[in-house]
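Please read the structure below before turning to the comments.
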Amino acid sequence: MNADDLARFLRANPQFFDQNPDLLESIHVPHPYGGRAIPLAERQTVALREKVKGLEAMLGELIKYAEDNDQIGEKVHRLSVALAGARDFPALARSLYFHLREDFAVPHVALRVWGKAVPADFEEAGSVSEAQRQHAATMGAPQCGPAQGNAFAQWFGEAAEHIRSLALVPLGDTAVFGMLALASEDPKRFYPEMGTVYLRRIGDLCAAGVTARL
């Protein structure tokens, strides 16, 4: 009988050690963290302890993620209340910039709207190239990544040379009419693999607010 045969036998006969309890104390195996030999039962206990530690670590991560999501959800709620209460488009834009800066700690925010009646002297009515509009129309979802080489970085004026990462959020479902751009000097703040669920929700709130006021 080789090791595989023995393993199959023990799996097929789980009552074996119940019928031979003395074996649990008489069989000794190497300790996983030392050279000494320990009874099989003690080795089982060590393995269970390690499994419990691993499960506790996983639970801790899940709790942390849940707490982080709760905090982000609360911030999105505050933003939605502020945008809903904005009396006009300028107030909407101010509330958007304030909450993204203060609640979400986004240092640079740029909003551009086209195809709607934004007064020409508003920053939000700034120039948007046809290539940028086409890109926004085909995105389908928020995109994050490095700022270097990104045509939308120019929206941040003098700060453009300092930003290192960008998040681009298209506005509009059936037809894109604008773009919300978030930027940071931290190259890891907005990265390609990051989740965009909350960015999408912020974009939906922004789009609904703009549509209702223009």
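The values are calculated or read from the model by the stated rules, or taken from the named source; none is laboratory data. These numbers come from a predicted model, not from an experiment. Positions of Cβ are backbone-derived with ideal geometry, glycine not excepted, and every protein chain shown enters the neighbour counts. With ligands, DNA and RNA removed, areas are computed over all heavy atoms of the protein, side chains included. Shrake-Rupley method; radii C 1.70, N 1.55, O 1.52, S 1.80 Å.
Take the conditions of a type in the set (Lys, Arg) and under 20 Å from Ser165 (Cβ atoms) and apply them to Arg94. Does it pass? It is false that Arg94 is of a type in the set (Lys, Arg) and under 20 Å from Ser165 (Cβ atoms). Within the range 129-152, the set of residues being among the aliphatic types (A, V, I, L, M) and more than 22 Å from the chain's Cα centre (by Cα) comprises Ala131, Ala137, Ala151.
Does the range 95-103 contain at least one residue that is modelled with pLDDT of 95 or more, open to solvent by less than 80 Å² (accessible area, probe 1.4 Å) and of a type in the set (Phe, Trp, Tyr)? Yes.
For the range 61-94, what are the residues that are of a type in the set (Gly, Ala, Ser) and loosely packed, with under 13 Cβ neighbours inside 10 Å?
Listed by number, the residues that qualify are Ala66, Gly73, Gly85.
Against the conditions (1) in contact (Cβ under 8 Å) with a residue 12 or more places away in the chain; (2) within 23 Å of Val176 (Cα to Cα); (3) not in a loop (DSSP other than H, G, I, E, B), Ala91 satisfies every one except (1). Could you name every one of the strands (runs of 3 or more DSSP E) located completely within the range 112-214 that has at least 2 residues being open to solvent by less than 20 Å² (accessible area, probe 1.4 Å)? Counting at least 2 such residues, we get 165-171, 178-184.
Residue-wise test of (1) under 18 Å from Ala86 (Cα atoms); (2) of a type outside the set (D, E, K, R).
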{"residue": "Pro107", "(1), (2)": "no, yes"}
{"residue": "Gly145", "(1), (2)": "no, yes"}
{"residue": "Gly149", "(1), (2)": "no, yes"}
{"residue": "Phe156", "(1), (2)": "no, yes"}
{"residue": "Ala159", "(1), (2)": "no, yes"}
{"residue": "Ala175", "(1), (2)": "no, yes"}
{"residue": "Lys188", "(1), (2)": "no, no"}
{"residue": "Tyr198", "(1), (2)": "no, yes"}
{"residue": "Ala212", "(1), (2)": "yes, yes"}
